[in-house]
Each structure stands twice: as structure tokens, then as C-alpha cells.
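Structure first, then comments.
Bear in mind that the values in this text are calculations on the coordinates, not laboratory data. From a predicted model like this one, the values you see are computed outputs, not experimental measurements. Glycine gets a Cβ as well: all are built from the backbone with ideal geometry, and neighbour counts include every protein chain shown.
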Amino acid sequence: MSPPPSTRRDRQSPRLDDAAKRIVELLQVDGRASYAAIAKEVGLSEAAVRQRVQRLIDLGVMQIVAVTDPLQVGFRRQAMIGIRTRGDLGVVGAAVTAIPEVAYAVTTAGSFDLLCEVVCEDDDHLLEVLTHRIRPIEGVVSTETFVYLKLNKQHYDWGTR
């Protein structure tokens, strides 16, 4: 039996040449940079940069999105939820990631099996997500919620290796 696609992808990460790494780094700083500006920086044609960007997106190496401040767009409550499970962690993880309010989810090694970040309109919305969507998932043993009081740092320009 072959491993799930996400596991195969993790073991077979695409090798990035220096030009691809530089393209990623430039887009981490400015996701709206033009192909012409990137081409000038990396020494490739605009068409080559366009093709490489599309390939990096298709391979799942990167995505280009608008990152918003949830408070500025009507979401007044963010929280990280630690989840302890029993049984098949993959099944629980899939159920958690299917919840629209879950913006980020990771499998961890530590006191929690999963950590997920939720973005909600208010405390009532957060309570509804916890009580009616996360806790009833078969295999969820317990949760611990860490309500965000202040966002101290959020960045996405960590570069490449």
C-alpha cells in the first residue's frame, strides 16, 4: 500500500535551483512583483519567470494570496486549539481541516496531536466551532483553546534553503 499523497510529497520535495529559490524569495517579500521585475533580478526572460512561477504553484511549493488582518475584515476572534486524539490521526486531521473556520492545521509531536488556528467572527462563533464542530469529531479526546489577545508577529519571508 502506498503512503498518502501528502506523505509522498514530503519525501519527494522538488529540488529548487538558485533561480527558483530567488523567485520564491522575491515573491515572499512582494507577492505582487511583476514578472518583468523578477526576470531582471534573476536574469531570466519574463516568459521563463512566468512559467517557473506557475510550475512552483502547480507543485505546491508556494501559493500567492492576499494576507489580511482578520480584525480589519470583520473577524474579531482568533484562537489556536490544541487537540488530543485517539485512533486514526489522519481521519481526525482530515475532519478538522474540512472546517471552514480552520485557517491552519498541523500534526504535532508533543502534548497535542493536532494544532489548528481558527478565525471567527466573535466569541459565540468560536464557542459554536468548538462545541458543535471540533469536539464531536470521532477520535477527539480533548481540546485546549488559546485565545489570541494580540498578534505580535506574522511574516512569510523566511527565504529558502
Original post:
Where does the chain land at 222 nm, in deg cm²/dmol rounded to the nearest 500, when only DSSP H runs of n ≥ 4 count, each adding -39500 (n - 2.57), divided by all residues?
Top reply: -10000 deg cm²/dmol
Subject >> the stretch 15-67 - Kirkwood radius from inverse mean 1/r over Cα pairs (Å) >> reply: 10.9 Å
**OP:** Can you figure out the FRET efficiency of LEU149 with ILE99, using R₀ = 25 Å and their beta-carbon distance, to the nearest 0.05?
**Re:** 0.65
Original post:
Expressed in nm to one decimal, what extension gain is obtained for the pair ASP157 and SER142 from 0.36 nm per residue of sequence separation less their Cα-Cα distance?
Top reply: 2.0 nm
**OP:** Using the Cα centre as the reference, give the magnitude of the dipole from point charges on the C-beta atoms of the chain (Lys, Arg: +1; Asp, Glu: -1; all else neutral), rounded to the nearest 20 debye.
**Re:** 620 debye
**OP:** Using DSSP to define loop residues, name the GluC sites (Glu not before Pro) in the stretch 23-122 whose beta-carbon has at most 15 other beta-carbon atoms within 10 Å.
**Re:** GLU121
**OP:** Identify all lysines with a Cα-Cα distance to LYS21 below 26 Å; exclude those on the same chain that are fewer than 8 residues away in sequence.
**Re:** LYS40, LYS153
Original post:
For ILE81, what charge total do you get from the other residues with a beta carbon under 15 Å from its beta carbon, if Lys and Arg give +1 and Asp and Glu give -1?
Top reply: -2
Original post:
How far is it, in nm, from the label point at ALA36 to the one at ASP88 when both lie 7 Å from their Cα along the line to the Cβ?
Top reply: 5.3 nm
**OP:** Find, to one decimal place in angstroms, the Kirkwood hydrodynamic radius of the chain, where the mean of 1/r is taken over every pair of different Cα atoms and then inverted.
**Re:** 18.3 Å
